[in-house]
Each structure stands twice: as C-alpha cells, then as structure tokens.
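The values are calculated or read from the model by the stated rules, or taken from the named source; none is laboratory data. Just so it is clear, the structure is predicted and the values come from calculations on it, not from any experiment. Here the Cβ positions follow ideal geometry from the backbone for every residue, glycine too, while neighbour counts run over all protein chains shown. Please note that ligands, DNA and RNA were not included when accessible areas were found on the heavy atoms of the full protein model with its side chains. Shrake-Rupley method; radii C 1.70, N 1.55, O 1.52, S 1.80 Å.
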Amino acid sequence: AGKCGACGPGYASPLEAMKGKRREPAFPNPGIAVGSGGGKRGPRERLLYLPCIYRNTGIGIPDFLATVDVDPQSPRYCQVLHRLPMPHVGDELHHSGWNACSSCHGDASKSRDFLILPSLISSRIYIVDVATDPRAPRLHKVVEAEELSRKAAAAFPHTSHCLGSGEILISCLGDPQGRGKGTFVLLDGETFEVKGNWEKGGKIPGFGYDFWYQPRHNVLLSSEWGEPRALAQGFHPGHVQQGLYGRRINVWDWSERRLIQELDLGSGSIPLEIRFLHDPEAALGFVGCALSGEIWKFQKNSEGKWEAEKVIVVPSKKVQGWLLPEMPGLITDILISLDDKFLYFSNWIHGDVRQYDISDPRHPKLVGQVFLGGSICKGGAVTVLEDQELQEQPEPCVIQGKRIPGGPQMLQLSLDGRRLYVTTSLFSAWDRQFYPEMMTEGSVLLQLDVDVERGGLSPNPKFLLDFGKEPGGPCLAHEVRYPGGDCTSDIWV
C-alpha cells in the first residue's frame, strides 16, 4: 500500500499518518489540512464531527451531527459551523465510522466519502455524505431498523469499521426484542444495503459492544456491554448480579468468521472499548473494563492462543452521598496513540483522564493525569471517606468561567498526538442518572495539550465548546471524528 501510485483513503501506515506523509489530491478536501510530506508533525485537524443527542433531555427534537471548527486561525474557531438534524426523534446517535479508511489505502477506487452513523436506540443507521461539502454534511441514506431485523435478526448497532474489501462491518448489542446478542451485520460499501450477518454460524456471544480486527493474525476481538433492555433506561447494580452485563473478550477467527475463544475478565468487569496496537503486525492490545476499573492487556501466546492479563487497576473510593458506598472510576473510553507509545483512558465517574506510557505493555507507567469534572470534586454532594490514590478531593474544573458538568468520557487524539479532545456525555439515560445537571446544562467539548516526549496533560484554557447553548436547547455531544480519519476508526491491514 505504501508504494501505490494512486493511493486510496487514509495513510500507508500509522507512522506516516502521524507525519502527514501521503499523496494529496490536486484539489485537497477543504475540510482536511494538507500534510507536510514528511515533517515531524502530522496534518492538523481543521474540522470535527460530533453526534449530538436530545433523547432523555426533555427536548423533543431530532439528534443532529455537528460540524465544529477547530482551526486556531479561523474566525469561527471552537464553534459549531453546521448542524445536520436526523429525520426522526429519539434515535440516540452514538458512535460512527467510515465507508472507507486506511484499510483500503492501496485501492485507488476507494475514497472516504461517507460517515456511517448508527443509532443505538432506534437501530437506524444513517449514511452521511461528508465529501460533497465537508463543512456542511448532508444525509445520503437511511438504513431502517426493519432491514437489520429482517436480514440479520439484529438491533442496537454500535461500532462501525470499514473493511479492506470495501464492505462495512457493524457490531450490535442485541436482537430486535432487546435481548443481549453479540452479532455483527455487514453493509455493502456502495449501496449501503444490509447484506446479512458477518458471522457464519456457531456460537454467538450473549452480549456485544466494540470490536477491532487484525487480519495478519486472522483475528477479530469483540467486547461486551450488556443487555439493551437492562441498560437503556439507566444503570441498576442488581442487573450485574443477574448476569445482564458482559465480562468477556470474544475471539473470532477472521477468515472463518466463527467464535473460537472467550477470555473471561471476571464478574462485574463490563469490558467496553477494545484497541489493538496500530502496528498491523502486532498481536497485542488493551481493553478497558468499566465497572471493575481495570485495563487488561491481551495478546497471542506462543501456542497461537489468546490470553489476557490485568495491567492497570483504578481503585474504587469509599464515599458518602453517592449511589453506592464504593465508587468505581468507570473507565468508559480508551485509545492508543498512532506510534503505540501512549495509552489514554477516561474515568467518567471519578472525573480524570490518564495517560500511560506503554513501551513496556506489561507494566504501563502513569505519566499524565488531569481532572475534568466528575463526581468527587470539592464542594459537591459526595464526600470521599477513603482514597488509595489521592490525598484530597480534586478542585472543580473551571474553563472560561464555566464549571464543567459531567465527567470526561469520549476521547479522540490528533494524528500527531499533541491534542486530546474530550467530551462529557456517555449515554443519555446514564447521563440523566449520574449527572442530571447535564440535562439542563448540556455537555461540553474540551481540548487537552499533550506532552508527547515526557508525558503530561493540561487543559487548553482557550478551548471550550458549550453544548448547553445550542439553538435547540442543551444537548449531549458524544464521539469525535475527523474528516481525514483518526486513531480509533482507521485500521491498517
């Protein structure tokens, strides 16, 4: 792929993405900064796309896709440039992916033209044209829930990844009745019609959520959230004891499309975001477990089997004035820098974002940490009685005079690794339960400056996008995507 004369979307390798080394079209996409062709810093993102949610806020209007200006030289820096409302109310837009990414880099016939935008509650999948005008995306097609149900007996679509074949693979949380079911659906990359299930029979996991594939090791790994009927209206601790939440990494044979191994991470773990190292030769990655507050490393052993090892633990805090007497960090998002040097994750309940050096994957080293809201700040309802990590409760996070509502949740890193974007909404029903102030204040988008040499995180005091000030009323902004691809959507094969 690196030697192709006329390259497809993305970059030939993760390191070339960091450096901005690619062949640019004669008339560059206006939404993407042109790379420097080999300098030390990659192309700077100019636009972001974020799904913004109104479900559970009391405002009965459709969710929308926001286009945000993040060019520091622009007069509209840190502002919403465009809003694309969906045709229906109550979708719960969540995560998104692309019709084509770096997995298709060697195919000049492919281009990154469409954002694939599943709806977690309505089960619709929106196909959004971001190529005609990157600053004002438009709706191209709607894949209705009925098509997922009829052709794949699937519902509650979550993670979308493009494949080197040109197809689109989407993981689902359950079946149309709301029961847990870790199934996958395939979309045609041209027509966006549902082709059916990706898996070819055999056992199907009881739960689904996120996934990552690594063709050079003939493997796809998926994680587990919980039963849609249980989690859709909020979190109830009793549901964990009832077995309605996940605990496994599921290992699939990539070519045969069959489940071949289950790695049990323990009752109450709830493994969510799963990431391989970006190096396509790597047989190693990490998964974040929300409720247990653990990061597990997984890898292929000398016998060709996959195994998992706990490498980071965020201790729960003994508290007063909260839902439970012990408060977990609730690790809800993780990502890995394109050079596979740093691991980042967010503790949505405690309120901190962490940066670990993973040069030694078995012994990650904490090199950066910053609190951005959360439930244990001074002056709040919660009193921390016992804390294995902190000497005192952190100060509230205030940027441009605004006390940040909620806690840090979705993360996205710039290609060069120097800017980390953070949003504060997890899922509207859980937002309403744990951070009810977000229903009236909305969520925020923040930017952290990253020290990529020694490690370190610090909030950019000039960057605050307050989604409490939207024209339609306060909303909940979720996942961040760049028009040119990013380190959580592009997979190299």
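Here are the numbers for the structure shown:
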{"item": "Of all residues in the range 223-236 being assigned to a loop (DSSP other than H, G, I, E, B) and in contact (Cβ under 8 Å) with a residue 12 or more places away in the chain, the one that is surrounded by the fewest Cβ atoms within 10 Å (Cβ to Cβ)", "result": "GLN233"}
{"item": "Criterion violated by GLY442 - all others in (1) of a type outside the set (S, T, N, Q); (2) buried (at least 22 other Cβ atoms within 10 Å of the Cβ); (3) closer than 27 Å to ILE336 by Cβ; (4) in contact with a helix residue (DSSP H, G or I) (Cβ under 7 Å, 6 or more places away or on another chain) satisfied", "result": "(3)"}
{"item": "Restricting the range 253-276 to residues that are farther than 18 Å from HIS161 by Cα and in contact (Cβ under 8 Å) with a residue 60 or more places away in the chain, the residue that is most open to solvent (accessible area, probe 1.4 Å)", "result": "LEU259"}
{"item": "Unique match (being among the β-branched types (Val, Ile, Thr), more than 30 Å from ARG229 (Cα to Cα) and without any contact (Cβ under 8 Å) to a residue 12 or more places away in the chain) among VAL370, VAL398, VAL384", "result": "VAL398"}
{"item": "The range 286-306 - residue that is more than 15 Å from ARG275 (Cα to Cα) and not aliphatic (A, V, I, L, M) and, of those, surrounded by the most Cβ atoms within 10 Å (Cβ to Cβ)", "result": "SER292"}
{"item": "Hey, LEU411 closer than 30 Å to GLY8 by Cβ, touching a residue at least 40 places away in the same chain (Cβ under 8 Å) and open to solvent by less than 10 Å² (accessible area, probe 1.4 Å) or not", "result": "yes"}
{"item": "Residues (open to solvent by 10 Å² or more (accessible area, probe 1.4 Å) and either more than 24 Å from PRO176 (Cα to Cα) or among the aliphatic types (A, V, I, L, M) (or both)) located in the range 204-219", "result": "ILE204, PRO215, ARG216, HIS217, ASN218"}
{"item": "Qualifying strands (runs of 3 or more DSSP E) (wholly inside the range 237-319; at least 2 residues being over 22 Å from ILE334 (Cβ atoms) and modelled with pLDDT of 95 or more)", "result": "258-264"}
{"item": "Qualifying position, being surrounded by fewer than 19 Cβ atoms within 10 Å (Cβ to Cβ), among the β-branched types (Val, Ile, Thr) and closer than 16 Å to PRO461 by Cα, among VAL398, VAL370", "result": "VAL398"}
{"item": "Qualifying strands (runs of 3 or more DSSP E) (wholly inside the range 329-411; at least 2 residues being hydroxyl-bearing (Ser, Thr, Tyr))", "result": "342-347"}
{"item": "Residue within the range 427-439 that is out of contact with any helix residue (DSSP H, G or I) (no Cβ under 8 Å at 6 or more places or on another chain) and without any contact (Cβ under 8 Å) to a residue 24 or more places away in the chain present", "result": "yes"}
{"item": "Test: THR440 is of a type in the set (S, T, N, Q) and over 21 Å from ILE334 (Cα atoms)", "result": "yes"}
{"item": "Some residue of the range 427-434 being part of a helix (DSSP H, G or I), among the hydrophobic types (A, V, I, L, M, F, W, C), open to solvent by 10 Å² or more (accessible area, probe 1.4 Å) and under 28 Å from GLY468 (Cα atoms)", "result": "yes"}
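Residues are listed down the side, and each one gets a yes or a no for (1) farther than 29 Å from LEU415 by Cα; (2) under 21 Å from the mean Cα position of the chain (by Cα):
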residue: GLY226; (1), (2): yes, yes
residue: ALA232; (1), (2): yes, yes
residue: GLY246; (1), (2): yes, yes
residue: ILE249; (1), (2): no, yes
residue: GLU262; (1), (2): yes, no
residue: SER292; (1), (2): yes, yes
residue: ILE312; (1), (2): no, yes
residue: SER316; (1), (2): yes, no
residue: GLY321; (1), (2): yes, no
